[in-house]
1. Going by Cα centres, segment 149-207 and segment 1-43 are how many Å apart?
2. What list do you get for 221, 196, 102 if you sort them by fewest beta carbons within 10 Å?
3. Strictly greater than 12 Å: what percent of every Cα pair in segment 190-230 meets that?
4. Stretch residue 237-residue 166 to full length: gain in nm at 0.36 nm per residue minus the Cα-Cα span?
5. Can you compute the equivalent ellipsoid semi-axes for segment 1-114, i.e. the square root of 5 times each eigenvalue of the Cα gyration tensor, sorted largest first and rounded to whole Å?
6. Would you list 178, 53 from fewest to most Cβ contacts within 10 Å?
7. Compute the distribution of all C-alpha to C-alpha distances in segment 73-196, in bins of 10 Å from 0, and list the percent of pairs in each, rounded to whole numbers.
8. Assign one of three labels to segment 123-253, namely rounded, prolate or oblate, based on the Cα gyration tensor with a ≥ b ≥ c the square roots of its eigenvalues; rounded applies when a/c is under 1.5, prolate when it is not and a/b is larger than b/c, and oblate otherwise.
Ligand code: IPE
Ligand code: IPE
Ligand code: MG
């Protein structure tokens, strides 16, 4: 067993890990290849990390695969990414099922081309009975899109008389996010040396521990994931309280 894996405290795992899979393009360029070559190799990392999370017993893994802003990339790259998405899902759905992994999607599905949407819907329904790892793909997703959408839907409910303004609280807002069924991520990883959120889970990351690594996504493997989890386990999560208060609660537990 890997030395890093042994060091992980299995009783203090994050329930939900979110990853900004960044650096495919640079990885390819550094090898003198086209950006799509990087995306292609990024799929191998997805497979490896999904497997790693499932083995550890992580409950939720959210992968940022395509942002709302990524639609503005050159057309050949957007088309290439959509085709890669469809072919990967087609290839992987059996193994998701075998491993009891349930697929979810968050994002603006209406923006996806029809062939991609129908392939995804099929995979969602095929894996819908699975009870192991929840694999959440953020596709055509952005935090601002999600929040805007939530506000519009809440306003509509108020207008229809089904919701009272005075009753709107954080739970209400939560229910209108596309992540309503999932707990907030405790750990957010971004690869490839960028220190920003890039419109990912803006609301849900409020108290997430952030982990940044220079490793490019196509090179990211289970060992890198273990490193991130170990780093997370050495943090003190205070949620606005003092270190002493946190110590007291730990002592009582
Ligand atoms: C992440 O890699 C994948 C997507 C955004 C689809 P990038 O394509 O952003 O790679 P870099 O950041 O340009 O290296
Ligand atoms: C964020 O990466 C989106 C995904 C990884 C899908 P980008 O590469 O699009 O982000 P920026 O442009 O560097 O902020
Ligand atoms: Mg990038």
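1. With segment 149-207 and segment 1-43 each reduced to a Cα centre, they are spaced 26 Å.
2. Numbers: 221 14, 196 10, 102 19.
Result, fewest neighbours first: 196, 221, 102.
3. When every Cα pair of segment 190-230 is considered, 64 percent fall beyond 12 Å.
4. Stretched fully, the residue 237-residue 166 segment lengthens by 22.4 nm.
5. They are 27, 18, 14 Å, listed from largest to smallest.
6. Details: 178 19, 53 25.
By the 10 Å Cβ count, ascending, the order reads 178, 53.
7. Each 10 Å bin holds this share of Cα pairs: 11, 32, 35, 18, 4.
8. Cα axes put segment 123-253 in the oblate bin.
Readers should treat all values here as calculations from the given coordinates under stated rules, not as data from a laboratory. Please read these numbers as outputs of a predicted model, since none were measured by experiment. All Cβ positions, glycine included, derive from the backbone under ideal geometry; neighbour counts span all protein chains shown.
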